[in-house]
Amino acid sequence: MVNTFQFSLEPIDPSALRAALANPACGGYASFEGWVRDCNAGREVRRLEYEAFEALAVKEGERIIAEAIERFGIARAACVHRLGTLGIGELAVWVGASAPHRHEAFLACRYIIDAVKHRVPVWKKEHYREGDSGWVNCERCASEAPEMHGGTEAHAPPALAPAAPDYSRQSALREVGAAGQARLGASRALIVGCGGLGVPAMSYLAGAGIGRLGLVDADLLEASNLHRQPLYALRDCGRQKVELAAERLRALNPAVDVRTYPVRLDADNAAGLVADYDVIIECTDNIATKLALNDACIRAGKPAVFASVYQYEGQLQIVQPGGPCLRCLWPEAVRDGLVGNCAAAGVLGPVPGTLGTLQALEALKLLLDLPGQLTETLLIFDLLTLNISRIRTRRSPQCPRHALAGDRAPFAANESVELEFESLHEASAAGYLIVDIRERREQALRPVAEVPVHSIPMNELLHGGAALPPASKYLLVCAAGARSLAAAHELRARGRAPIFSLRGGLAALG
Ligand SMILES: [Zn+2]
């Protein structure tokens, strides 16, 4: 009677069932007993009858037990449901789970009973004191009094949740289905940064029923965070973000195993943090953190979904094992602080909200192996104009990380794409045609007046067919040097050399 679902016409004996789940590796055991109550919906009940469509019900029950074992990593579980006629106080359904730790045992026990109540075809007929009787909707069985028993540690029974997680609206998708849902339940995602990007990413992944969600963030909640992090509450300012997020996510979906890491991810701890996860979602506004995670994910061979936001602009990129990485794209990693963060530059809440939501979407596509994944591409969103640019990313032969990972570069070294100048005068005097690829709005806010420049916003340059005027060499400039570098790489890949990028952008010129 281990790892099974059974029906019984005889009274259930919990002690024998409990003994069958004992295991020397287990420190926690939790069980649930549903008893026949003497009233329901205001009517006095004398006895009950249970009927089941047995073949189907046993199959579904065993599927639920298997899901609980896989999802919560428990050792053993079982469920017995009575059939036939039962008197008041009799044991109608019993669930038990044993696990290395109490937390998994409780979660698994709760998951099984909730899923059994909603998915297993069992019908209940109530016989009332007045002499009549009626078949009762299965789901109302969930209002039976619960009884939880702790194993090594006693625990107060949690308030009974109104329903088990219901993923029907996503598993109805042909590409997801029951198999995809089970796959999500067995998956583990690490969210690095619980702020404007992390909040929507973690909320959607928890709602989707991911098996384990790790949260990394050392910060305390501040009032200025709330306009872009609406998972939190004003009264919680000063508390640890990972703890607050974990509370909210467990309330959103108790089936998710939420783990918290109140630390700042760096080169020393990154490998340990990513080790237990299948996909990493990078949600910080810190370049050093992004690079440390980039390096750890390449070494561990794990995919990472990166996003960043600057004012109205967002960038989205996935680093896949063997594919181009952040260092391939930004060889001289943009110095921290040069690309403004939200504190310095200001941001509308829905901008990181949009990017964080896309991160959750891409993580789900990765885990479910859906088509249309973002590969070898940097997506740049201008959320003011709603322009989207797509830039092909390529493995750089100079990238030190791929060398470390033991890969061979796919093509030969080329000269540096990034150039440094003291001023645009200097560049112009050296014979470069200067192309300002910022959006027109940015150009209007901060025009370049010192030298004549050719103005072509990046999207028009790359996708609008805008032609560059004839020149022997070009210097692309943007606000901080990131877009111009990406655009220069793209144009070179299309055979448009010699095209260069101003390192650090206009910001570096002071
Ligand atoms: Zn690389």
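Just so you know, all these numbers are worked out from the coordinates, no wet-lab data involved. None of the values given here were measured: they were computed from a predicted structure. Note: ideal-geometry Cβ built from the backbone for every residue, glycine included; neighbour counts use all protein chains shown.
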## Note on the structure
Highest mean packing first, using Cβ neighbours within 10 angstrom, the peptides 249-259, 202-212, 383-393 sort as 202-212, 249-259, 383-393
### Query
For region 60-99 and region 355-402, what is the separation of their Cα centres, given in Å?
43
#### Entry: Helix 102-119 axis, angle to the chain major axis (alpha carbon atoms, nearest 10°)
70
### Task
Name the shape class, rounded, prolate or oblate, that the alpha-carbon gyration tensor gives for region 418-509, where a ≥ b ≥ c are the square roots of its eigenvalues, rounded holds for a/c under 1.5, and otherwise prolate holds if a/b is larger than b/c and oblate otherwise.
rounded
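Which percentage, to the nearest 5, of the DSSP beta bridges contained in the chain is antiparallel? Please list the in-between numbers first.
Working: 52 of 86 bridges.
For the chain, the DSSP antiparallel bridge percentage is about 60.
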#### Entry: For the chain: relative contact order, % (alpha-carbon pairs under 8 angstrom, 6 or more apart)
10
#### Entry: Rounded tilt (10° steps) of 350-368 against the dominant C-alpha axis of the chain
60
### Task
Amide H neighbours of residue 7 under 5 Å, at least 5 residues apart or on other chains, H built in the peptide plane: list them.
81
### Summary
Computed ³J(HN,Hα) along region 68-83: with the Karplus parameters 6.51/-1.76/1.60, θ = phi - 60°, integer Hz and x for glycine or proline, the list is 5, 5, 5, 5, 10, x, 7, 7, 9, 7, 7, 9, 10, 10, 6, 10
### Task
Taking a cut-off of 16 Å between Cα atoms, list the aspartates and glutamates near residue 473, but don't count ones fewer than 8 places away on the same chain.
415, 418, 420, 426, 436, 490
#### Entry: Those lysines that a straight Cα-Cα span of less than 23 Å connects to residue 59, excepting residues fewer than 8 apart in one chain
117, 124, 125
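When the dipole is taken about the Cα centre of region 418-509, and only Lys, Arg (+1) and Asp, Glu (-1) are charged at their Cβ, what size is it in debye, to the nearest 20?
Details: 10 positive and 10 negative charges, 59 e Å.
The dipole of region 418-509 has a size of about 280 debye.
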### Query
Treating the beta-carbon of each Lys and Arg as +1 and of each Asp and Glu as -1, no other charges, what is the dipole magnitude of the chain about its Cα centre, to the nearest 20 debye?
720
### Query
Summing Lys, Arg as +1 and Asp, Glu as -1, what charge do residues with Cβ under 12 Å from the Cβ of residue 347 carry, residue 347 excluded?
-1
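Below 13 angstrom from the Cβ of residue 302, what's the summed charge of the other residues (Lys, Arg +1; Asp, Glu -1)? Before the final figure, lay out each step's value.
Values: positive: 188, 299; negative: 276, 278, 282, 295.
Cβ neighbours under 13 Å give a net charge of -2.
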### Message
I'd like the distance separating the alpha-carbon centroids of region 183-211 and region 491-510, in whole Å.
### Response
36
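When the helix-only estimate is applied to the chain (DSSP H runs of n ≥ 4, each -39,500 (n - 2.57), divided by the residue count), what is the mean residue ellipticity at 222 nm, nearest 500 deg cm²/dmol?
Values: 17 runs with 161 residues, N = 510.
Calculated from helices alone, the mean residue ellipticity at 222 nm is -9000 deg cm²/dmol.
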### Message
Give the lysines whose C-alpha is closer than 29 Å to that of residue 302, dropping any in the same chain fewer than 8 places away, or say none.
### Response
241, 290, 365
### Query
Expressed as a whole number of Å, what is the distance separating the alpha-carbon centroids of region 427-452 and region 1-17?
78
### Message
I'd like to know which of 173, 199, 269 lies farthest towards the positive end of the charge dipole of the chain, counting +1 on Cβ of Lys and Arg and -1 on Cβ of Asp and Glu.
### Response
173
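Under the rule a/c < 1.5 gives rounded, and otherwise a/b versus b/c splits prolate from oblate, where does region 169-404 land using the Cα gyration tensor? Mind showing how you got there, number by number?
On the way: a/c = 1.34, a/b = 1.09, b/c = 1.23.
Since a/c stays below 1.5, the shape of region 169-404 is classed as rounded.
Quick check on the exposure proxy: order 280, 499, 88 from fewest to most C-beta atoms within 10 angstrom.
Numbers: 280 28, 499 23, 88 14.
Neighbour counts put them in this order, fewest first: 88, 499, 280.
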### region 214-315 shape via C-alpha gyration tensor axes, a/c threshold 1.5
oblate
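For the chain, report the translational diffusion coefficient in µm²/s to the nearest whole number, using Stokes-Einstein at 37 °C, 0.692 mPa s, and a Kirkwood Rh over Cα pairs. Don't skip to the end; give the middle numbers.
Values: Rh = 26.0 Å.
Answer from the Stokes-Einstein relation: 126 µm²/s.
For residue 378, what is the net charge nearby, where nearby means another residue's Cβ is under 10 Å from its Cβ and Lys, Arg count +1, Asp, Glu -1? Working shown, then result.
Working: positive: 390, 392, 483; negative: 376, 490.
Residues close to residue 378 contribute a combined charge of +1.
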## Note on the structure
Once phi for every residue in region 230-237 is put through the Karplus expression 6.51 cos²θ - 1.76 cosθ + 1.60 (θ = phi - 60°), the whole-Hz ³J(HN,Hα) values, with Gly and Pro written as x, are x, 6, 9, 10, 4, 5, 8, 4
